[in-house]
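What follows draws every value from the coordinates through simple rules; no lab data is involved. Just so we're clear, the structure is a prediction, and the values are computed from it rather than from any experiment. All Cβ positions, glycine included, derive from the backbone under ideal geometry; neighbour counts span all protein chains shown.
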């Protein structure tokens with residue numbers, strides 16, 4: 001290294017703040033699932049199309065994003081991503097104003113396109129800010145702040161998006177013209193305010209980031225090197241891309257349908273019947289649980305799913321310094337499989353807490369799969385990042401499948417879908433542990 005690693009501390013802090021932001025916004029979008037389902041009278045499968053639109057951006061934008069970043073560098077790539085996210089947030093205003101489901105899908109796609117570009121740039125940049133031996137630990141720590149955003153987002157969404165009663169189609173039809181207009185205006189305002197604020201914040205952040213002096217540390221910051229033809233020959237990368245595909249699909253499936261799963265299983269009433277759980281709900285919501293509508297009461301417990309991922313990443317960053325990342329990945333994924341099998345076969349509080357604790361298992365998965373997959377790519381790192389971010393499209397494919405199974409056999413049995421995903425990830429961790437890259 002030409003410079004001591006501590007010279008990368010400020011750039012690491014700056015880039016890590018972006019991880020927080022996109023985690024917060026991604027999970028905020030999840031809160032639309034139960035609300036869209038009620039307002040537009042959607043099935044679980046149709047509601048899953050919201051995630052399909054969001055994550056399809058990863059399939060369509062990641063590889064062009066890799067080309068773009070290879071040409072303009074990682075710093076400018078981050079700025080482009082932030083501006084794209086701002087445009088997507090602005091698009092939620094007409095989507096909410098006119099209550100057209102197709103416009104919501106378009107807004108989600110634009111927002112995700114910006115996040116995709118940001119991820120293609122930021123993930124390999126963080127991995128390269130220091131020794132390759134600690135890349136997994138470093139990216140895990142950055143992802144911990146991503147998880148901080150995903151942990152806070154459910155509480156914000158419970159207050160601003162799930163905080164009012166959603167009427168059914170029959171109830172809306174029974175309203176008078178004035179009452180119906182007022183209801184639609186309230187629905188629009190619940191969406192428009194938060195996303196207009198986010199749009200302004202993103203534009204300001206893009207301008208500020210463009211003024212930061214960040215080091216050029218990767219070959220693609222100096223040369224237009226590497227190619228997709230070369231990177232596609234890497235078996236380790238392509239198996240890792242499948243790992244990212246199934247991981248994101250599993251994580252999003254569980255996070256998106258937890259509120260519906262809790263409502264379907266009667267969890268809100270179980271919380272009110274338990275002094276312990278009622279106390280937790282009161283602490284999370286800051287109010288009397290008896291005054292909360294069921295969706296908001298259930299939504300507060302999603303905090304533990306994303307909060308577990310946050311805490312696990314802080315712990316995982318330390319574990320990665322001491323143990324082989326592939327082994328840690330395999331063990332955490334195996335634990336997730338076990339928890340989901342328990343959830344699908346149990347009832348009561350066990351069936352409630354088992355999927356929530358999968359969040360803790362998720363903690364190390366994305367950063368570890370990512371760094372294991374790009375290890376040894378050198379000048380092909382930007383292209384490898386593009387391939388891996390394309391694989392995030394798993395969040396578009398697997399949740400509708402999960403939702404379709406939920407429609408037919410129930411959400412509890414549908415947990416077998418993400419269980420199969422985690423089983424593959426456990427295998428990939430062992431595969432990489434047995435085949436370390438020789439520097």
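Tell me the label-point distance for the pair residue 435, residue 14, using the 7 Å Cα-to-Cβ offset, in nm and rounded to one decimal.
According to this spin-label approximation, the distance is 3.8 nm.
Can you tell me how much longer the chain between residue 213 and residue 201 gets when fully stretched, taken as 0.36 nm per residue apart minus their C-alpha distance, in nm with one decimal? It would help to have the intermediate numbers written out before the result.
Numbers: separation 12, 0.36 × 12 = 4.32 nm, distance 2.04 nm.
Here the segment from residue 213 to residue 201 would lengthen by 2.3 nm.
Evaluate the distance, in nm, between pseudo-label points positioned 7 Å from the Cα of residue 408 and of residue 99 along their respective Cα→Cβ axes.
The two pseudo-label positions are separated by 3.3 nm.
Be a star and scan the range 92-118 for residues whose amide nitrogen sits under 15 Å from the point 7 Å along the Cα-to-Cβ vector of residue 178.
No residue qualifies, since no backbone N sits under 15 Å from the label point.
State, to one decimal in nm, how far the label point of residue 106 lies from the label point of residue 350, with both points 7 Å from Cα in the Cβ direction.
Result for the modelled spin labels: 5.0 nm.
Exposure proxy check: 211, 430 ranked by fewest other beta carbons within 10 Å?
Numbers: 211 6, 430 16.
The most exposed by this proxy come first: 211, 430.
Across the Cα atoms of the range 69-164, what radius of gyration and what greatest pairwise Cα-Cα distance (Dmax) are found, in Å?
Calculated on Cα positions, Rg and Dmax stand at 16.5, 52 Å.
How large is the Kirkwood hydrodynamic radius of the range 368-425, counting all unique pairs of alpha carbons, in Å?
Values: mean 1/r = 0.0754 Å⁻¹.
Mean inverse Cα-Cα distance, inverted, gives 13.3 Å.
Normalise the Cα radius of gyration of the range 325-365 by 2.2 N^0.38 Å (N = residues in it) and let me know the number. Could you put the intermediate results ahead of the total?
On the way: Rg = 10.7 Å, N = 41, 2.2 N^0.38 = 9.0 Å.
Normalised Cα radius of gyration, the range 325-365: 1.19.
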